[in-house]
Amino acid sequence: MKKEFQLTKDGVAELQAELADLKNKLFDVIESIKTARDQGDLSENAEYHAAKEEQERVDNRISEVQHILANAEVIAKRTKSSVGIGSSVTLKNGGKPVVYNIVDSVEANPLEAKISDE
């Protein structure tokens, strides 16, 4: 059975690190909510509402990352005879060569030379 996401080994490691950071951030957000709650009237407490919105955003991203990791297949680097997820491609355009890594759309980040296979 094919997994929903095809990630490189580095992509899985990056998501695992992000998940750990998000869990730490969630702890900080919960502490902010407790502090804001202690200030009294919640209906007009901007700090409380901002912290609750941040908690929801962090919770959603944690769920998303956990889903990706639970449904990910780690793709090994490909041979030089084919290009797909896990491949590195060198492009030359007169100047110095640029190396791009082909990854799943979840991992894609053109600023880091990670191009989606899609």
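The values are calculated or read from the model by the stated rules, or taken from the named source; none is laboratory data. None of these values were measured; they are calculated from a predicted model. Quick reminder, even Gly has a Cβ in these numbers, built from the backbone with ideal geometry, and neighbours come from all protein chains shown. What goes into the accessible areas is simple: the full protein's heavy atoms, side chains included, and nothing from ligands, DNA or RNA. Shrake-Rupley method; radii C 1.70, N 1.55, O 1.52, S 1.80 Å.
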Identify the residue in the stretch 14-36 that is polar (S, T, N, Q) and over 11 Å from the mean Cα position of the chain (by Cα) and, among all such residues, is nearest to residue 52 (Cα to Cα).
32
Out of everything in the stretch 60-85 that is assigned to a helix (DSSP H, G or I) and open to solvent by less than 60 Å² (accessible area, probe 1.4 Å), what residue ends up being farthest from residue 100 (Cα to Cα)?
62
Kindly indicate whether residue 106 is open to solvent by 90 Å² or more (accessible area, probe 1.4 Å) and either in contact with a Leu (Cβ under 9 Å, 6 or more places away or on another chain) or of a type in the set (A, V, I, L, M) (or both).
no
What is the number of the single condition among (1) free of Cβ contacts under 8 Å to residues at least 60 places away in the same chain; (2) not in a helix (DSSP H, G or I) that residue 33 does not meet?
(2)
